[in-house]
Amino acid sequence: MEVRRKPLRPGDIKLKTATPASAEGVDGFMELPVVTSPLPDSVRGKRPDWLRVKLPYGETYRNLVETIEANDLHTVCQSARCPNIGECWTSGTATFMILGNVCTRSCGFCAVMTGRPDEGLDWDEPNRVARAAKIMGLKHAVVTSVNRDEREDGGAPIFAETMKRLREEIPGVTIEVLIPDFRGVWDALQIVLDARPEVLNHNMETVPRLYKRVRPQAIYQRSLDVLNKSKEQGLRTKSGIMVGLGETKEEVLKLMDDYVEIGLNVMTIGQYLQPTRMHLPVDEYIHPDMFEWYKEIGESKGIEHVESGPLVRSSYHAERHV
């Protein structure tokens, strides 16, 4: 009989206040332990040609930066150092990150700042997101967030209010939300589900064996439960993983089977890239042919659409996943 861990409640997690300065002169990051890799530095630090991307440029990109800054918003594109920021922003799309830019978790792969967020919720944030999305002319909006584990509701009301304001400002807009697990507090999840996003996204990030390294405050089964509960309520579901962290092909295929069992609609697979020396190192650079193979296998297993490639991230070509 499986023993389920009780969800953590506010006060169960010790948090430190985030500070803007850190080692290596990188602003906005708290120092994380450097984890060793079986690959030598000379191999681990050399990126193959297929991972080279163009720097962001152009008038559209500049206008988008100004819109984001003028509305005092955050994007996961910037905070997580997404390699596709040039492509997406020059085409006028971005992924809004709500609930501030300080996360209560310390995932080993993520460049978002870790610490104690400001108290309370910013109830004007949904208005600013909707206003910016309208200025940008978006027809499909992607909204994600940091984890707010210090709150019983996990910040879920801001997700719901953001969807409400987007629909008021942009009639006909479709919305994807990329949500946290809310620590398994299902009343918080229900607040988001009741707002009925067109796509409900929650990333597994990696295979179960690597969770303690990659997602130390997360639970694999709990994340599956988030997706399963969302699917049971009729929502279109989506989830993604990174490869190159030390997983095996067999583990990826088993994870796909778990997705198929809960009826997942869309899966994304991308190469993990180390954002700073304070984060987990790359264990392996996966060849593009392997990404294509993963796509074929996943779709043959029954996943409706698999977006798979070295530079694929959760929100990459998100408009195709509605």
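The values are calculated or read from the model by the stated rules, or taken from the named source; none is laboratory data. Every value quoted in this text rests on a predicted model; they were computed, and no experiment measured them. Neighbour counts run over all protein chains shown; Cβ positions are idealised from the backbone, glycine included.
Here Val306 meets the list (1) under 27 Å from Val192 (Cβ atoms); (2) part of a helix (DSSP H, G or I); (3) touching a helix residue (DSSP H, G or I) at 6+ places or on another chain (Cβ under 7 Å) almost entirely, failing just condition (2).
Taking Ala130, is it modelled with pLDDT of 90 or more, small (Gly, Ala, Ser) and crowded, with 22+ Cβ neighbours inside 10 Å? So Ala130 fits the description; yes. Taking only pairs six or more apart or across chains, which ones have beta-carbon atoms under 7 Å, a first residue in segment 247-268 that is under 15 Å from Val306 (Cα atoms) and of a type in the set (D, E, K, R), and a second residue that is at pLDDT 95 or above and assigned to a helix (DSSP H, G or I)? From residues that are under 15 Å from Val306 (Cα atoms) and of a type in the set (D, E, K, R), the pairs are Asp257/Lys301; Asp258/Leu224. All conditions but one from (1) within 14 Å of the chain's Cα centre (by Cα); (2) at pLDDT 65 or above; (3) surrounded by 20 or more Cβ atoms within 10 Å (Cβ to Cβ) apply to Asn101; the one that does not is (3). For segment 109-120, the criterion of a residue being among the small types (Gly, Ala, Ser), touching a Ser or Thr at 6+ places or on another chain (Cβ under 6 Å) and at pLDDT below 90 is satisfied by no position.
Would you pick out the residues in segment 103-122 that are more than 20 Å from Gly240 (Cβ to Cβ) and part of a strand (DSSP E or B)? Met113, Thr114, Arg116, listed by residue number.
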